[in-house]
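Notes follow once the structure below has been shown.
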Amino acid sequence: APLKVTKICCIGAGYVGGPTCAVIALKCPHIQVTIVDLNKARIDAWNSPDFALPIYEPGLVEVVRQARGRNLFFSTDVDKGIEEADLIFVSVNTPTKKSGVGAGFAADLNYVELATRRIATVATSSKIVVEKSTVPCRTAESMRTILEANSRPNCRFDILSNPEFLAEGTAIADLFSPDRVLIGSLQTQEGIDACESLKQVYANWVPPHSHCRPLVFRAVQLAANAMLAQRISSVNALSALCEATGANIDEVAHAIGYDSRIGPKFLKASVGFGGSCFQKDILNLVYLSESCHLPEVAAYWRQVVEMNEYQKRRFSKRVVDTLFNTITGKRIAVLGFAFKADTGDTRESAAITLIRDFQSEKALVNIYDPQVSHEQIWTDLQEASPLAPLNTIKKQVTICKSAIEACKDAEAVVIATEWKEFKDIDWEAVYASMNKPAFVFDGRLLIDADKLRKIGFTVTTIGRPSSTLV
Ligand code: UDX
Ligand code: UDX
Ligand code: ADP
């Protein structure tokens with residue numbers, strides 16, 4: 001019969017594990033939830049008395065405030081967490097491999113494997129182990145093999161796949177009412193029982209009809225993310241055409257979206273998609289296709305990522321072209337550093353690429369983002385230009401405390417993230433403080449270009465031609 005879960009441990013207190021298990025704790029007061037991580041600074045931040053949590057997500061602080069210390073705990077004692085729990089989520093990072101077979105494409109499963117081996121070593125009672133990271137198919141099988149090869153007598157492991165579909169910035173809303181909950185298991189009685197145990201956890205707040213049948217095809221999440229990213233690359237490819245032909249991408253997208261087969265969502269042209277999932281999942285799909293000897297399929301999906309790289313390149317080139325073909329020594333204010341609004345996450349953020357391009361053109365760059373820490377910005381810029389000493393980078397780049405401060409004495413403002421507050425800046429004051437002619441480049445279709453033109457700005461918007469006549 002299915003086990004009634006009373007203690008959950010989550011290995012990995014990151015963007016997925018943290019919010020997911022905080023919401024489980026909130027919705028299931030009868031279950032004790034402990035989130036563990038090797039990173040002490042991260043755990044300390046989760047435990048901080050003033051709720052200065054390590055990740056920013058609207059609504060997250062309220063969830064943690066209600067549950068922390070009641071039935072939600074954060075700890076660096078990974079072993080204790082494993083030992084006590086009857087259900088363990090594995091939610092560690094799976095970055096793209098940097099070297100070896102499949103470098104640049106395949107997921108690095110080293111962290112998953114290490115966490116799995118730790119479970120095998122430490123567990124003295126039976127566990128349901130749930131794989132939650134974005135990982136390609138067959139990971140659950142590898143985990144099963146490792147756990148079975150190392151288990152002790154009277155200690156059985158049931159492995160489930162439960163991919164997470166939350167989007168950053170709306171993680172809490174997504175977790176409160178998910179479109180779907182997928183749980184995959186072996187089709188043995190034990191596997192079906194384990195699946196039922198996890199379903200009962202979600203049943204505390206998710207209506208049962210959104211629970212899917214056991215999932216066999218583990219690539220569902222890869223496919224979903226690839227289709228979503230493909231929509232953005234398609235609309236971004238059209239944005240280039242709009243700029244060249246004098247159309248307006250927002251109007252085109254709006255019109256296209258009326259077709260119910262296409263739908264209005266996820267059609268916003270931008271300076272390029274980012275985030276920890278899209279690029280990684282597509283590259284995984286490319287790698288998978290190649291391993292299956294399907295080069296045409298691989299090429300098709302690879303093009304989605306290439307279009308995204310092109311979009312970023314194209315945008316920085318447009319900035320240079322518009323500023324009379326040179327930005328050497330010119331000050332450029334970059335507003336937004338996160339990969340999208342309402343998150344402090346910067347992984348694969350288009351802003352990083354833009355700023356690197358501006359740096360290599362020898363511009364001076366001012367950066368402002370309402371949520372990203374200065375330390376994170378320096379780390380990302382250093383990673384983007386590994387050969388440049390940080391001191392040299394710091395000579396070219398200044399991190400500012402407000403948008404207004406960033407724009408002072410600049411030649412151009414570049415909007416890289418669609419933070420709502422950038423809409424409501426005192427643009428008159430910004431204009432007064434800038435060098436003239438003052439340029440604005442909207443990479444997110446965020447601002448009212450006509451309003452800014454009336455103030456005096458020269459405005460360039462993605463997906464619209466450069467001429468001010470249009
Ligand atoms: C994504 C998926 O949406 C989610 O279901 C999955 O679980 C994880 O990956 P996330 O990366 O957090 O979530 O954010 P998402 O909202 O999908 O945005 C990804 C990137 O695409 C961002 O850089 C965003 O700015 C960009 N984007 C999104 C666009 O440029 N245009 C759009 O219309 C939508
Ligand atoms: C299409 C557009 O749908 C229509 O809006 C436009 O005005 C003209 O072009 P049509 O070519 O008549 O219409 O048929 P459609 O239903 O779009 O199908 C086109 C092809 O795609 C068909 O061969 C159809 O079998 C195929 N198709 C469609 C699929 O293979 N899979 C699908 O999910 C949908
Ligand atoms: P994601 O976006 O998938 O949640 P993150 O990088 O934000 O990825 O979070 C993953 C977390 O997992 C990190 O905080 C990392 O320290 C933690 N982690 C990785 N390996 C282990 C491990 N073996 N034991 C405990 N925590 C781990």
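Quick look at the numbers
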item: Spacing of the two label points (7 Å from each Cα toward its C-beta) at THR124 and GLN189, in nm; result: 2.9
item: Degrees between helix 139-150 axis and first principal axis of the chain (Cα, 0 to 90, nearest 10); result: 40
item: Debye, to nearest 20: dipole size of the chain, +1 on Lys, Arg Cβ, -1 on Asp, Glu Cβ; result: 260
item: Label-point gap, in nm, between LYS394 and THR322 - each point 7 angstrom along Cα→Cβ; result: 3.2
item: Charge dipole (the chain, unit charges on Cβ, about Cα centre) - positive-most of VAL92, HIS374, LEU3; result: HIS374
item: Estimated FRET transfer efficiency (ALA429, GLU196; beta-carbon r; R0 60 Å; 0.05); result: 0.50
item: For the chain, alpha-carbon Rg over 2.2 N^0.38 Å; result: 1.05
item: Whichever lysines have a C-alpha closer than 28 Å to that of LYS265, once near sequence neighbours (fewer than 8 apart) are set aside; result: LYS132, LYS280, LYS312, LYS340, LYS420, LYS423, LYS451
item: 5 angstrom amide H check on THR34, placed H, neighbours 5+ away; result: ILE8, CYS9, CYS10, PHE73
item: Estimated 222 nm signal from helices in the chain, with DSSP H stretches of n ≥ 4 weighted -39500 (n - 2.57), rounded to 500; result: -13000 deg cm²/dmol
item: Estimated dipole of segment 351-470 in Debye, rounded to 20 [Cβ of Lys and Arg +1, of Asp and Glu -1, Cα centre]; result: 280
item: Environment charge of ASP158, counting only residues whose C-beta is closer than 12 Å and scoring Lys/Arg +1, Asp/Glu -1; result: -3
item: Size of charge dipole - segment 211-310 - debye, nearest 20, with Cβ of Lys, Arg +1 and Asp, Glu -1, no other charges; result: 480
item: Anisotropy class of segment 56-137 from Cα gyration tensor, a/c 1.5 cut; result: oblate
item: Centre separation in Å (Cα based) which lies between segment 422-438 and segment 1-54; result: 43
item: Segment 58-92-segment 157-200 distance, computed between alpha-carbon centres (Å); result: 17
item: Loop-located chymotrypsin sites (Phe, Trp or Tyr not before Pro) in segment 277-355 whose Cβ has at most 15 other Cβ within 10 Å (DSSP); result: PHE324
item: Qualifying trypsin sites (Lys or Arg not before Pro) for segment 346-380 [loop in DSSP, other Cβ within 10 Å: at most 15]; result: LYS362
item: Two-site label geometry, ALA255 and LYS40: point separation in nm, points 7 Å out along Cα→Cβ; result: 6.1
item: Positive-pole candidate from GLY275, THR353, GLY18, dipole of the chain, charges at beta carbon; result: THR353
item: Pairwise FRET efficiency - ILE455 versus SER99, Cβ, R0 = 45 Å, nearest 0.05; result: 0.35
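A short reminder: the numbers here are calculations on the coordinates, not readings from a lab. Everything numeric here is computed off the predicted structure, so don't read it as measured data. Virtual Cβ from ideal backbone geometry, glycine too; neighbours counted across all protein chains shown.
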